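One structure follows; several queries about it will come next.
The values are calculated or read from the model by the stated rules, or taken from the named source; none is laboratory data. Predicted model only: the values in this text are computed from it and were never measured. Glycine gets a Cβ as well: all are built from the backbone with ideal geometry, and neighbour counts include every protein chain shown.
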Amino acid sequence: MTDADDPGAVAERTLLAWRRTSLLLGAASVLGARLLAESTGAWVFAVGLLGVGLALISHGAASVRYRQATIPIASGSPLVAAPAPRLIAMTAAVIVVGLLALAVIVMMSPAGVP
């Protein structure tokens, strides 16, 4: 079966990819907060909660977008592009969490080790 046989397959694969990404982001945030709590202090839990919150938001956004994509596919009408502000906000949130994680790594590394 190809994508031409099932036009909803692309949307479903995208949904599953976003769900996997969300799950891994949440798990990595919890694990990172747990492992770094003793050496960095309680503030690392805030970063962990931020990661878990971002994971929940991305999971929900993926589900909403999937529904928005599959309804037009089923009815044969054209797809509507995702709103740009939502995409920009998600991109900015991922960048912020990544920069926070990088800051934690740099702060934890011994002096002279990049």
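Report yes if Ala62 is touching a Lys or Arg at 6+ places or on another chain (Cβ under 8 Å), surrounded by 13 or more Cβ atoms within 10 Å (Cβ to Cβ), at pLDDT 80 or above and within 15 Å of Ser22 (Cα to Cα), otherwise no.
yes
Quick one: is Ala62 of a type in the set (A, V, I, L, M), at negative phi and touching a Phe, Trp or Tyr at 6+ places or on another chain (Cβ under 6 Å)? Spell out how you get there, then give the answer.
Working: of a type in the set (A, V, I, L, M): yes; at negative phi: yes; touching a Phe, Trp or Tyr at 6+ places or on another chain (Cβ under 6 Å): yes.
When the stated conditions are applied, Ala62 passes them.
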